[in-house]
1. Taking the Cα centre of segment 81-234 as origin, sum charge times position over the Cβ atoms of Lys and Arg (+1) and Asp and Glu (-1), and report the length of that vector in debye to the nearest 20.
2. Regarding segment 142-203, what whole-number volume in Å³ per residue does the convex hull of its Cα atoms give?
3. Set Lys and Arg Cβ to +1 and Asp and Glu Cβ to -1, take the dipole of segment 25-163 about its Cα centre, and tell me which of Thr31, Gln49, Ser153 lies farthest positive.
4. Using alpha carbon coordinates only, what is the Rg to Rh ratio of segment 86-159, with Rh defined as the Kirkwood radius?
5. Quickly estimate the mean residue ellipticity at 222 nm for the chain, helices only: each DSSP H run with n ≥ 4 gives -39500 (n - 2.57), and the total goes over all residues, rounded to 500.
6. Output the pairs from Lys27/Lys331; Lys306/Lys331; Lys27/Lys265; Lys141/Lys195; Lys195/Lys265 with a Cα-Cα distance over 29 Å in this structure; if there are none, say none.
7. Limiting things to C-alpha atoms, what are the Rg and the maximum Cα-Cα separation (Dmax) for segment 140-258, in angstroms?
8. Work from the charge dipole of segment 254-402 (Cβ charges, +1 for Lys and Arg, -1 for Asp and Glu, about the Cα centre) and give the residue of Pro288, Gly361, Gln386 farthest towards its positive end.
Amino acid sequence: GFDISKLLPQTGLVTLDNGFGNTAAYKSAITFVDGDNGILRYRGYPIEQLAERGSFIETAYLLINGELPTTDQLAEFSNEITQHTLLHEDVKRFYQGFPRDAHPMAMLSSVVGALSTFYQDSHNPFDAGQRHLSTVRLLAKLPTIAAYAYKKSVGQPFVYPRNDLSYVENFLRMTFAVPAQEFELNPVVVNALDKLLILHADHEQNCSTSTVRLVGSSHANQFASISAGISALWGPLHGGANQAVLEMLEQIQQDGGDVDAFIRKVKNREDGVKLMGFGHRVYKAFDPRAALVKGLAHDVLAQLGKSDELLEIALKLEEHALSDDFFVSRKLYPNVDFYTGLIYRAMGFPTSMFTVLFALGRLPGWIAHWHEMINDPGSRIGRPRQIYTGTAIRDYVELDKR
Ligand code: ACO
């Protein structure tokens, strides 16, 4: 006899949209994605042009400020970032406390969250100077935090930033240089990593960016908001897929390299196995980033003089999937994560660092969205509705009567 209408919200119509498949939460002028035609543009610039002709720092400036920088603006922006690459010495103690086998993504989100304890002078989202300072600190310090996480995991001493190097060069040196040993930067690696960071720099309302916006919508500071985004990125359905792809390829190799058998497993949904690095919520055509990364994987392996049996397995998997009705009918194509891991591996990164590299790339996008939201006078706290499905009403029962 209960009136179901009493459970319906009293404030008007509520839509239920599983996983926000069709619901826009924001208006945004940052990134355009056309999933049916495989188009991606940052601030109107095609991703192909930015990856071919731009740099990551220029792209970061573009995403955050809306325009490509002039020579002077770029020099000033780079110089500012360079001045903030060092971490407070006490931040290093966090790493001492982490277990040696801690996942670098866990260290990344924790240490970025902890930045809000060290840099309390840039918390106020409504002070333009403080907003800018937080942004510069995040851009400058994330490579240092990421490199320290790697050093912790391999038990090597931390390498301090060197400010005469470019953003990517500095990160590579902090990661791979060992004190008292020769270290040489390889231009092929520098160039390829810069391109990969550009390709990851923004992708509108993906899970981690929406997380940054949701946390920031409560007016939490930028460090706290970005730390939450890093946690969201870690999952294997999102940025964690680049690690999962490589583990999948290694497993197929260990099982004798039988790609057909693996595809059968995916189609039969055995043990919930998915073809990692395939499928995308928005792209129902080839992910334009995947096309660029695939080309880059071939180039980098060739230029580094490396061959990788896992690349052969990946190519076979792609070929089989693209001609199989299971994948074709569901419009499942390789996404950005399918080939990136092969490049990172050729560069010498362990699998556990792959998602950290994604985070380094995505940082300017997260920051750009945080600013866009804070600067929007019409923005409100993010607060989804729900459809209640629990018991309508019942009386409390004393503990001894249950
Ligand atoms: N392997 C096998 N089947 C898949 C895959 C896959 N990789 N992706 C989707 N499907 C199937 C689903 O089972 C579903 O089939 P059904 O209609 O018979 O039930 C259908 O394709 C539609 O998929 P959904 O899960 O509804 O798609 P959704 O948009 O919710 O998920 C996601 C997108 C999470 C990317 C999914 O494709 C996936 O899990 N892919 C593998 C993980 C991955 O590569 N993630 C990285 C995404 S890109 C990024 O974050 C950078």
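1. Numbers: 12 positive and 12 negative charges, 58 e Å.
The calculation lands at about 280 debye.
2. For segment 142-203, the hull spanned by Cα atoms encloses 94 Å³ per residue.
3. After comparing all options, I get Ser153.
4. Details: Rg = 13.0 Å, Rh = 12.9 Å.
My calculation of the ratio gives 1.01.
5. Values: 17 runs with 215 residues, N = 402.
Only helices count here, giving -17000 deg cm²/dmol.
6. Values: Lys27/Lys331 27 Å; Lys306/Lys331 32 Å; Lys27/Lys265 41 Å; Lys141/Lys195 20 Å; Lys195/Lys265 34 Å.
Beyond 29 Å between Cα atoms: Lys306/Lys331; Lys27/Lys265; Lys195/Lys265.
7. Spelled out, the Cα radius of gyration and Dmax of segment 140-258 are 17.3, 52 Å.
8. Gln386
Only the coordinates and a few stated rules stand behind these numbers; no lab work does. These numbers come from a predicted model, not from an experiment. Reconstructed Cβ throughout: ideal geometry from the backbone, glycine too, with neighbour counts over all protein chains shown.
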